[in-house]
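Engineer: Structure below; questions to follow.
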Amino acid sequence: MITVKKLVKRFGLKAILRGVDFEVQTGEFVALLGPNGAGKTTFLRILASLSRPSLGEVNVAGFRLPNEAAAVRSRLGVVSHLPLLYGDLSAEENLRFYGRMYGIPGLEGRISEVLEMVGLDHRRRDLVRTFSRGMQQRLAIGRAVLHDPDVMLFDEPYTGLDQDASSMLDEVLKTVAARGRTVVMTSHDLARAEDLATRFDILSRGVISASTTRAELQGSNLLTFYKEALAG
Amino acid sequence: MESKPLTLKILDVVAILVLIAATYMALNAPTERVMGEVQKVFYFHIGTAWTALLGFILAGLFSVVYLVTKDLKWDRYQVAAIEVSLVFFLITIVLGSIWARPAWNTWWTWDPRLTTAAVTELIYVAYFMLRQGIDDPDRRARFGAVYALVGGLSAPITFFAIRLFRTIHPVVIGGSNAEAEGGFSMSADMRTAFFFALFAFTIIFIDLFWNRIRLGDLQDKVEQLKLKVTM
Amino acid sequence: MTDPFETVIEETTGRAKVSTRPRATFFKAVSAVVWKDLQAEFRSRELFSAMLVFSLLIILIFNFALELDIKTRQSVTAGVLWATFAFAGTLGLNRSMAIEKDRGCMDGLLLAPVDRSAIYFGKVISNLAFMLIVELIVLPVYSVLYNTNLFQPGLLLVILLGSIGYVGVGTLLSAMAVQTRTRDILLPILLFPVVIPVLLAAVKASSGFLTGADISEVMLPINLLIAYDIIFIAVAFMVFDSVVEE
């Protein structure tokens, strides 16, 4: 589903990503971990077609980036730590706008479906600026799955959420992932990552320095693995 | 670190010589009947205007080339062209002012050419202010190119608009209408001085432009080395 | 689980089957952006009230700064109007882009499978709508304050053409300005030198219409406005990609 070969990303003379190799099969849920400044957000933005690679090959959902970006976008759902929602519009108006931009048929029905899935049906006519951070994040996920994407990218989705909101987000993420979608999520929260993901990759100093699966970990601590990977 | 190429060193010398020669020729050219000595400012005024215009056109071309090729060297060329052009438009404006005072008893004439030069100067300043607010070199180059392109198209339109519309902006500087205030015709000697000045300033432009590009390249190298040291 | 979409599966020679997703047409994307902007603005009326109040204040300032008698005033009406529009316009342009940038919504727009220029045109149309609404309120206010009739079809045409040029370039430049550190203060500095031909031609044509000048005098500036509009919207259309993408 996602193939990345020798990806390099430079900003001027500084190289943030230095030859990343990354491969994800359909249906995998990968947690991308790493220290601040490792380039996780940069990497995700490239996968999301929001940023161009300086060198290397990136393929998402069978299409090449950046040349075939438009085809990729219709199959991609992205949730970042910014809500990407318009505060002055209601929940359903926000979804309606994005639905139109994606050309979704049967939009009204789909909107209701999604609102129910994220548990915001009772607030559908309320303006988004009245929503709490947790609710905005759930609506953001709703926006991201509206067009039924094959691939989902989450960039630090738990940022700024309290315990309750985080638990709700867990539920939504599990539902989303259960549909056989391919998911890549970056996170600082190792406990949650351990709970949700099937595979764990460590991005450090611009390359994927370590990778393990849930099966391999076999109950031993992800935190230990993480620390060892960074120390090495 | 490479030292200055020989051609450039020679060009530096030639530029200085040519400047001295042009000054000599201008000072020794026949004095114009009506305006007197101050008319000689004209040679340099047009010379610098010509240089500035050259830089302006090049900057516009570099914009297009950069946007197509995305090669950062064209961005360096563009910055060099605009910097040189900025300085020379400024000199043009100042000389125009010096000429205007005794000729028409005013420091500023709102003549289409002078006014457009002032507007272009402001576009250049805006260009550098835009670049200053951006950290990412690629984005800086892209935005610079876009703005230089927009400005490059707008300034000529401004010139024509002023020329066509504003009746209080007569074309005063050597227009085809010989009756236009301040218009004058040139004798053969004056023509020689005039064309030599144009030639001289072209050489000066090339020299400064080349030097500035070299400066930009060296700055880049320093950045690269700095980065290597900190890693 | 039913597929909510009708997927069309095509076979292309020599390659595996490719299923195509429904995509918004260019026109639908543009109208979605315009509708979204109008809807959001209708709710909050932030932009609109700021522009309107600012315009009225500018007219007030001109009144005290210039202290004109009736005769002189007639000759500067066009200039005062266009100066007002030019200054108030920057508020709208700034705000319109800032909304997209601040909540990351620009990314949301860029993630959609639509042409980048659809975003540009959508923004231009909504910015133009706001500007025209403000202008159409300023005109009667000015008319009342100075007891002149500004509602002439010729003048309205000039206002339309001039605003199109202003907003066409302004939207492109505000997309750049909003991504720099200096943001709000940068837009007027970038915009004004470049939009001078519009001001020149618009004032000339407006004066012409207001003083009842000969049609031939007015045609030239109007043609310039049309030419400017076409040239710069075409250029903006071609370079907008470079301005919003990384």
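Engineer: Which one of the conditions (1) part of a loop (DSSP other than H, G, I, E, B); (2) away from chain A (no Cβ under 14 Å); (3) at pLDDT 85 or above does C:GLY14 fail to meet, given that it meets all the rest?
Structural biologist: It fails just one condition, (3).
Engineer: While we're here: For residues in the stretch B:110-132 being more than 16 Å from B:TRP50 (Cβ to Cβ) and of a type in the set (Val, Ile, Thr), which is most open to solvent (accessible area, probe 1.4 Å)?
Structural biologist: For the stretch B:110-132, the residue satisfying everything is B:VAL125.
Engineer: Consider the stretch C:192-211. How many of its residues are more than 15 Å from C:SER163 (Cα to Cα), more than 8 Å from chain B (Cβ to nearest Cβ) and not in a loop (DSSP other than H, G, I, E, B)?
Structural biologist: 4
Engineer: So, in the stretch A:182-232, exactly how many residues are open to solvent by less than 30 Å² (accessible area, probe 1.4 Å) and of a type in the set (Asp, Glu)?
Structural biologist: Number of matching residues: 1.
Engineer: May I ask you to list the residues in the stretch A:7-18 that are surrounded by 15 or more Cβ atoms within 10 Å (Cβ to Cβ) and in a strand (DSSP E or B)? Step through it out loud before you land on a result.
Structural biologist: So in the stretch A:7-18, the residues surrounded by 15 or more Cβ atoms within 10 Å (Cβ to Cβ) come out as A:7-12, A:15-18.
Across the stretch A:7-18, the qualifying residues are A:LEU7, A:VAL8, A:LYS9, A:ARG10, A:PHE11, A:ALA15, A:ILE16, A:LEU17, A:ARG18.
Engineer: Looking at C:ILE189, C:ILE222, C:ILE185, C:ILE231 in this structure, which one is more than 10 Å from chain B (Cβ to nearest Cβ) and of a type in the set (A, V, I, L, M)? Break it down stepwise before answering.
Structural biologist: Values: C:ILE189 fails: more than 10 Å from chain B (Cβ to nearest Cβ); C:ILE185 fails: more than 10 Å from chain B (Cβ to nearest Cβ); C:ILE231 fails: more than 10 Å from chain B (Cβ to nearest Cβ).
Exactly one residue qualifies, and that residue is C:ILE222.
Engineer: Separate question: Do you know which residues across the stretch A:1-14 are touching a strand residue (DSSP E or B) at 6+ places or on another chain (Cβ under 6 Å) and of a type outside the set (D, E, K, R)? Talk me through it step by step, then tell me what you get.
Structural biologist: Taking the stretch A:1-14 as the starting set, the residues that turn out to be touching a strand residue (DSSP E or B) at 6+ places or on another chain (Cβ under 6 Å) are A:1-9.
Within the stretch A:1-14, A:MET1, A:ILE2, A:THR3, A:VAL4, A:LEU7, A:VAL8 meet the criteria.
Engineer: Criterion first (under 30 Å from B:GLN132 (Cα atoms), more than 10 Å from chain B (Cβ to nearest Cβ) and open to solvent by 10 Å² or more (accessible area, probe 1.4 Å)) does C:ASP214 satisfy it?
Structural biologist: no
Engineer: Suppose we filter C:ILE119, C:ILE133 for residues that are outside any loop (DSSP other than H, G, I, E, B) and open to solvent by 10 Å² or more (accessible area, probe 1.4 Å); which single one remains?
Structural biologist: Numbers: C:ILE119 fails: open to solvent by 10 Å² or more (accessible area, probe 1.4 Å).
Of C:ILE119, C:ILE133, the one residue that is outside any loop (DSSP other than H, G, I, E, B) and open to solvent by 10 Å² or more (accessible area, probe 1.4 Å) is C:ILE133.
Engineer: Residue check: is C:VAL169 in contact with a Ser or Thr (Cβ under 9 Å, 6 or more places away or on another chain), in contact (Cβ under 8 Å) with a residue 40 or more places away in the chain and open to solvent by 10 Å² or more (accessible area, probe 1.4 Å)? Working first, answer last.
Structural biologist: Values: in contact with a Ser or Thr (Cβ under 9 Å, 6 or more places away or on another chain): yes; in contact (Cβ under 8 Å) with a residue 40 or more places away in the chain: yes; open to solvent by 10 Å² or more (accessible area, probe 1.4 Å): no.
Considered against the rule, which asks whether it is in contact with a Ser or Thr (Cβ under 9 Å, 6 or more places away or on another chain), in contact (Cβ under 8 Å) with a residue 40 or more places away in the chain and open to solvent by 10 Å² or more (accessible area, probe 1.4 Å), C:VAL169 comes out as no.
Engineer: Using beta carbons and a limit of 6 Å, which pairs, at least six apart or on different chains, have the first residue in the stretch B:177-200 and within 10 Å of B:PHE42 (Cβ to Cβ) and the second one assigned to a helix (DSSP H, G or I) and modelled with pLDDT of 50 or more?
Structural biologist: Close Cβ pairs (under 6 Å, with a partner that is assigned to a helix (DSSP H, G or I) and modelled with pLDDT of 50 or more) amount to B:GLY182/B:ALA103; B:ALA193/B:MET25; B:ALA193/B:ALA26; B:ALA193/B:TYR43; B:PHE194/B:TYR43; B:ALA197/B:ALA22; B:ALA197/B:TYR43; B:ALA197/B:GLY47.
The values are calculated or read from the model by the stated rules, or taken from the named source; none is laboratory data. Since the model is a prediction, treat every value here as computed from it, not as a measurement. No Cβ is skipped: glycine too gets one built from the backbone with ideal geometry, and neighbour counts run over all protein chains shown. Ligands, DNA and RNA are stripped out before the accessible areas are found, and what is left, the full protein with its side chains, is counted by its heavy atoms. Shrake-Rupley method; radii C 1.70, N 1.55, O 1.52, S 1.80 Å.
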